[in-house]
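Data block below; observations after.
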Amino acid sequence: MSKYLGIDYGDVRIGLAITNEDKNFVFPRGYLDTKNVFSQLADLIKQESIEKIIVGMPYSLKSKETDQTKKVRKFIEEMKARFSLEIVEEDERFSTQAAEKMLFPIKVKKIKKKIDQSSAVLILEDYLAKHA
């Protein structure tokens, strides 16, 4: 059986989340630095038997594309060129704010890295809820 990978793309870090094989639980999977990200993703895809990647799309509050949306689209196109698996987009508006609220009690120094993976968890959970 295989799993889904959730991605919260950022300029510095890429937050990750992963499902179990039954795709009914989502777990934070840490983050990747953007340097050498595709080789790191290739290793993770193989190691975890990933069948589908869900990438958070950062639209504006008015559903418009932003500069960050364009960066994420470029990242998705590069993944599609490298990996032969399904890659889908999921609206991620408010995922970072929701993750910040969940993690409020954590010390500030640790919170940024936790927000990235927590945002990826929320993106993947939203996708699963819509496609269950």
Subtracting the Cα-Cα distance of S49 and V88 from 0.36 nm times their residue separation yields 12.3 nm
Point-charge dipole on Cβ atoms (K/R +1, D/E -1) for segment 9-68, about Cα centre, debye to 20
140 debye
If amide hydrogens are placed 1.01 Å from N in the peptide plane, which non-local residues have theirs closer than 5 Å to the one on I18?
G6, F27, R29
Gain upon complete extension [F27, E78; 0.36 nm per residue less C-alpha separation]:
15.9 nm
Just want the ordering: R73, R82, from fewest to most Cβ atoms lying within 10 Å of their own Cβ.
R82, R73
Whole-Hz couplings from phi, Karplus 6.51/-1.76/1.60, listed for segment 21-29; x for Gly and Pro
5, 7, 6, 10, 9, 10, 10, x, 10
Loop GluC sites (Glu not before Pro), segment 15-67, which have at most 13 other Cβ atoms in a 10 Å radius of their Cβ (DSSP):
E21, E65
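Every read-out reported here was derived from the displayed coordinates using simple, explicitly stated rules and does not represent laboratory data. All values derive from a computational prediction rather than experimental measurement. When we count neighbours, we look across all protein chains shown, and the Cβ atoms used for this are built from the backbone with ideal geometry, even at glycine.
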